[in-house]
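Quick notes on the structure that follows.
Each reported figure results from applying straightforward, stated rules to the coordinates on display, with no laboratory input. Because the structure is predicted, anything quoted here is derived from the model rather than measured. Please note: Cβ atoms are built from the backbone with ideal geometry, for glycine as well, and neighbour counts cover all protein chains shown.
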Amino acid sequence: MSEIKTPRELGFTFPAEFEKQTAMWLSWPHKEASWPGKIDTIYKPYSQFIKLVAEDQAVCINVADENMKAFAMRYVEEAGANLNNVKCYLHPTNDAWCRDHGPAFLVNRAEKKKAIVDWGYNAWGGKYPPFDLDDVIPTFIGEKLGLPVFHPGIVMEGGSVEFNGKGTLLTTTACLLNKNRNPHLSQKEIEKYLIEYYGIENILWLGDGIVGDDTDGHIDDLTRFVNEDTVVTVVEDDSSDENYALLKENLELLHTMRLENGKQLNVIELPMPKAVVYEDQRLPASYANFYIANKYVVVPTYRDSVNDDKALDILQGCFKDRKVVGIDSTDIIWGLGTFHCLSQQEPAI
């Protein structure tokens, strides 16, 4: 790291998603290879997601050009969204996964300032080239908003990290220590970057991600903070399911973990949906991939007559101040991610 002051040294930190937001950022889906044979089926549920969030905050959408803008806004208008809260930016992207290629917004509460971290992005270890357009999105947004942009110079994805807003970050060894991200860095060196550029102090490491996850184990399909000392984590009750053992191991690890203040984590178990398979491929369907907006918690559902309602009820119990809403994501998950993967929050100051 250079002699330039880091975000932590300048008083910046990464807020929790459940804190007040100014906006949600998206990159309009357009890459047919991400939803082969299905992309046309995702626009209605995707636009329903926008409608819900736009009731109470801005929704900012990266689009390639005016044609894509018109296409997107037609769907958003048909969904009944508050168009006053929806704005498109001409920022071309390779794909739709804004959680991973979008800006990591930091805040300095004392000085009422905001900044962006522009991590390197290589499409989850070079799996889906090209990714050059996605890689520069955070800097484009920083320029548009007039915000300072930090460049750590290493690969990091938003879906691989989870925050409680008080100094604790939760991640997985399967992703962050994967040799297809930053092979030149040790775990301790990666932790140093997390501390300095996210402004946190306490790092908790889980193990593997769920089966079918092409990101090598993103935390946002596994375990999420619902408040500063409580997480929900997915579990699999069927011992014959290939997710059973790894999720049991992660659950056991969570029960041993301590927060930045030394307190034990509160752990709430969330079911997994029954296996979602399309064209003989097990998809990474998880109820943990929800998005926490100011007014709603938007949860992916999967036409599971038992577990959909069970998961929604558990999450509603976690969010007394928000309405939990499920949106059918059976088509969206063919892209190997849902609402959290598709979005990135911009915090309020």
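Computed quantities for the displayed model
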{"quantity": "Lys/Arg +1, Asp/Glu -1 at C-beta; the chain dipole; positive extreme among PRO138, GLN316, GLY212", "calculated": "PRO138"}
{"quantity": "Antiparallel %, DSSP beta bridges [both residues in the chain], to 5", "calculated": "40"}
{"quantity": "Cross-link partners of LYS179 among lysines (Cα-Cα below 20 Å; sequence separation of 8 or more within a chain)", "calculated": "LYS127, LYS188, LYS192"}
{"quantity": "Cross-link pairs beyond the 18 Å C-alpha cut-off, checked among LYS274/LYS310; LYS20/LYS323; LYS166/LYS263; LYS69/LYS295", "calculated": "LYS69/LYS295"}
{"quantity": "Gained length - LYS323 relative to LYS144, 0.36 nm times residue gap less alpha-carbon distance", "calculated": "61.2 nm"}
{"quantity": "Cα gyration tensor category, rounded, prolate or oblate, for the stretch 21-347 with a/c compared to 1.5", "calculated": "rounded"}
{"quantity": "Cross-link reach list, aspartates and glutamates versus LYS144, counting only Cα pairs under 17 Å and skipping chain neighbours closer than eight places", "calculated": "ASP65, ASP118, ASP134, ASP135, GLU346"}
{"quantity": "Of GLU269, GLU252, GLU55, the one that fluctuates the most in a GNM where the chain has Cα springs shorter than 10 Å", "calculated": "GLU252"}
{"quantity": "Relative contact order (%) - the chain, alpha-carbon pairs under 8 angstrom, separation at least six", "calculated": "21"}
{"quantity": "Label-zone membership for the stretch 249-280, site VAL306, 7 angstrom Cα→C-beta point, backbone N under 18 Å", "calculated": "269-277"}
{"quantity": "Shape call, the stretch 253-325: gyration tensor on alpha carbons, a/c limit 1.5", "calculated": "oblate"}
{"quantity": "Label point distance in nm, ALA348-LEU253, each placed 7 Å from Cα along Cα→Cβ", "calculated": "3.5"}
{"quantity": "Two-site FRET efficiency, VAL235 against GLN187, from Cβ-Cβ distance with R₀ of 35 Å, rounded to 0.05", "calculated": "0.85"}
{"quantity": "Under 15 Å, Cβ to Cβ, from ASN294 - net charge with Lys/Arg +1 and Asp/Glu -1", "calculated": "0"}
{"quantity": "Separation between Cα centres of the stretch 141-219 and the stretch 30-99, rounded to whole Å", "calculated": "26"}
